[in-house]
Amino acid sequence: MADALIVVVLLLVAATATVAVATRDPARQALVLSVLGVVLAVLFTVLQAPDVGLSQLAVGSALTPLLIMLSVRKVKRRAQGEDRSADR
């Protein structure tokens, strides 16, 4: 039973990581990365490492995607500002 659960979670990790790499839009990629963090946290919990799972849940599914989203937002704002100044 446990081996089957590990295989299923590993397949979910592989599928989610593939989708994260294949996604072209940075905002969507950050959201997929968040899902990947949750799936990895589940994997660590299944592998009986709940402390690592909790760390992954905090960092991999919340903090890192948040920083990516904020960076993407700032770059888009800066690009829009440069476009407006070039039009003048």
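Read-outs throughout are calculated quantities, based only on the coordinates presented, and are distinct from any laboratory measurement. From a predicted model like this one, the values you see are computed outputs, not experimental measurements. All Cβ positions, even for glycine, are placed from backbone atoms using ideal geometry, and neighbour counts span all protein chains on display.
What does the charge dipole of the chain about its Cα centre add up to, to the nearest 20 debye, if the Cβ of each Lys and Arg holds +1 and the Cβ of each Asp and Glu holds -1?
It works out to roughly 580 debye.
Please label the shape of the chain as rounded, prolate or oblate, based on the square roots a ≥ b ≥ c of the eigenvalues of the alpha-carbon gyration tensor (a/c under 1.5 means rounded; beyond that, a/b larger than b/c means prolate, else oblate).
Oblate.
Do the sum for the chain: with -39,500 (n - 2.57) for every DSSP H run of n ≥ 4, divided by all residues, what is the mean residue ellipticity at 222 nm, to the nearest 500 deg cm²/dmol?
Result for the chain, helices only: -29000 deg cm²/dmol.
Taking amide H positions as placed 1.01 Å from N in the peptide plane, with prolines and chain starts having none, which residues 5 or more places from L47, or on another chain, fall under 5 Å of its amide H?
Excluding prolines and chain starts, which carry no amide H, there are no hits.
Convert each backbone phi in region 41-57 into a coupling constant with the Karplus relation 6.51 cos²θ - 1.76 cosθ + 1.60 (shift: θ = phi - 60°), then list the ³J(HN,Hα) values in order as whole Hz, x for Gly and Pro.
Once θ is set to phi - 60°, the couplings for region 41-57 become 5, 5, 4, 5, 5, 5, 7, 6, 10, x, 5, 5, x, 5, 5, 5, 4 Hz.
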